[in-house]
1. Taking the highest mean first, how do the peptides 631-644, 421-434, 47-60 order by number of other beta carbon atoms within 10 angstrom per residue?
2. Of LYS611/LYS637; LYS39/LYS99; LYS449/LYS581; LYS446/LYS697, which sit over 24 Å apart, Cα to Cα?
3. Once you put a point 7 Å from the Cα of GLN608 and another 7 Å from the Cα of ASN97, both along the Cβ direction, what distance in nm separates them?
4. If I take R0 = 41 Å and measure r between the Cβ atoms of ASP330 and TRP644 in this structure, what FRET efficiency does the formula 1/(1 + (r/R0)^6) give, to the nearest 0.05?
5. Here are some pairs, LYS42/LYS102; LYS366/LYS434; LYS174/LYS412; which of them have Cα atoms lying more than 20 Å apart in this structure?
6. Quick one: if you stick a label point 7 Å off each Cα along the C-beta vector at ASP355 and THR201, how many nm between them?
7. Once you have the Cα-Cα distance between ASN557 and ILE166, take 0.36 nm times their residue separation minus that, and quote the gain in nm to one decimal.
8. Which residues' amide hydrogens lie under 5 Å from the amide hydrogen of ALA421, considering only partners 5 or more residues apart or on another chain, with H built in the peptide plane?
Amino acid sequence: MLRLLQNIPLGYYALSGFVNFTTALTISLIVFLAKKKTKANKIFATFSFSVAYWSLLYFVWLMTKSKGWAEFYLRSCMIGVLFMPSLFIHFVVSFLNLKINKKFILTNYILSILFMFTVYTPLYARDIGRHLVFPYWLHPGPIFHLALIHFGGVVLYSFYLMWQSIKKEKGIFKNQILYVFIGTAIGYISGVTNFFCWYRTQIPPFLNIFVSVYVIMVAVAVLKYHLMDIKLARQYLAMNIFYGAITSAIFIALAFFLRQWFLGISAIIFLAILLGPYFHRQMVKFLEPAFLGETYRTWQKLKGFWEEPRVVYTSGQLAEVLGEIPVVMDLESFSFFLFNRDRNVFVPEAYYGLDGVFSADPEQAKALNTLYPEDPLVMYLEKEKRIIMRDELVTQSKDDHQAVLLKMDELKAYISAPLFAADRLTGILNLGRKKNQEVFHEEDLKLIKEVVKMAEEHLGHIAFFESSLLFSGSVAHDIRKPFRRGIIYDYLEKIRQGLQNPQGPKEYALSALADLGDCLKNLHVMSEKMVSGFEDLEAFLRRGFKAERIDYVEKINRETKSFKVMAEEKGINFEIIFTQKNFFLYADPLSVERILNELLTNAIKYTQEGKITVKVSQANPQEILTEVSDTGCGIAKADQEEIWELFKRGENGQKKEGAGIGLAMVRQLVEANRGKIWLNSERGKGTSFYFTLPAAKKRGERYG
């Protein structure tokens, strides 16, 4: 075996140097550019650069034919090695947030600098000559032995520090340290094989190429907080080995059956192209439950939260749905807060495992265990607009995180997720640790994000239903208003006085009677509009929102037919523009119909000449933008904010029939379907309404 290793060609070692160089340099740049402000990242980027520097000169040294230049490059590449232990211990101390005397770190750097000054002298190395397959390799000098002791001692101490942290830490941070620890072991064992040649042993540096694995694993731990834990990594490794074994067996069987390797390769390539995607899906479907076990079953249960169609009308129903999460994921604790507008606080709608923290009585908990908008956790979630994890905040160790961590600890929250509706923080979802103390896997976090999206969608619906109730109260108020002792009473009093006064002009009474008739007529028209609006609201409230895939091109072509006819009757051009052949929405069909109907009705009503245009384009991969524009009378600047409110109409709108309900409903419908709406208008030049709605995903993809 040793003789086989000794016969590995020189080109392999040169290649290993080049691979290590490109990998280390790339990782160095990625880590530095990804998080420039993090101290640990800057140190690790510098450490990776020292590995890249060593690897590049290692490659050049092995490629040169000149003895003099070979000695220069070999000595030069060792400068990178001399700084590796100092940079690594500095990174480990920073990464683990350890309180170690700065003089210790400084002493290591001073030693590295002193050793560097001897690199080109016989004190460090001497007598270059051939060893194994290497044409030129130096003998160690007295300083080399000291540098090697420093190298080994610092590396072993780094291992010790990491091992102590692994034993006391939990969750994702522990997972990160494990990645660094394992990566360090692989990298140093691989790199140390180079030292054997310095002492003229017969063991070549055959593992040198695996130094890049070390750099990559440490970089993953630095850059990525939501890592796959080691247990799950082993399960995936076993699954992929089994997968590879089956694939290889099929390839060997085909090659053996055809008696020719060329035909076997051709056949496997053809079958891979033809059946590859189907084969892969079936294999994963079969292997994941077998190899991942309980983890896989938990993931499947979580997927049911958004794959199962649900209609949620109240915050209580949403709390009931989300309350299933701690049971499915087997969590130690859980809480769900929802914003209460009347009290201006976040109240706990559901909680679990918080005995001694929350009141046992749900009503008392809602009164006492609240979160205020100025609470550090609330403010941080509102600013970051993303899921946060406790270990992530601990690792970053910023001063403003301490108050957030205290609140998360108080709520026994390991993960906190903000829930937004119409760009406002409306709810907070807190998840505790798993009872089995396993970390949250990357797949766990993906599924939690899907659950958050589902919850945000329902919060949009709830907001719409609540605003509908407010709307109902406003309508009732406005309908009753004319019948109160006021407008109509005044008209009747004028008529009575006119008729009782024999000298008074009868025209006075007749005029008051005519005014009363106009008032009742207007009241009748407004009541009809309001009743129509109530009927539409009742239909939505009874039906609920059911988002589905919609062929938007077909939907617009069908919905605009009657409006084209109306436009032609008024002598107005009607144009539909699609910027691409197909558009597919993921929204509630009845909502989309109502939105288009209201906007086009207004466009026809307020346009006397010119044209009306409906334009559809892809705003981004997640959203479709629709523009409904006209060349009508336009909306004054002062009215552009108010028209979205109930019963608020622009100056021109007051001259037309209507109750000021349509645009208020349109806005609610767009936002309930997770979209946005805005306008651009100028008096006398027309109006353009813009709204976005979610684009449907490709067939087979899941919806959030």
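1. Highest to lowest by the protection proxy: 47-60, 421-434, 631-644.
2. Beyond 24 Å: LYS449/LYS581.
3. 7.0
4. 0.35
5. As for pairs spanning more than 20 Å Cα to Cα, those are LYS366/LYS434.
6. 5.8
7. 134.5 nm
8. THR426
Here, each number is a calculation from the coordinates, and none is a lab measurement. What you see is a predicted model, and the numbers here were worked out from it, not measured in a lab. Positions of Cβ are generated from backbone atoms using ideal geometry, with glycine treated the same way; all protein chains shown enter the neighbour counts.
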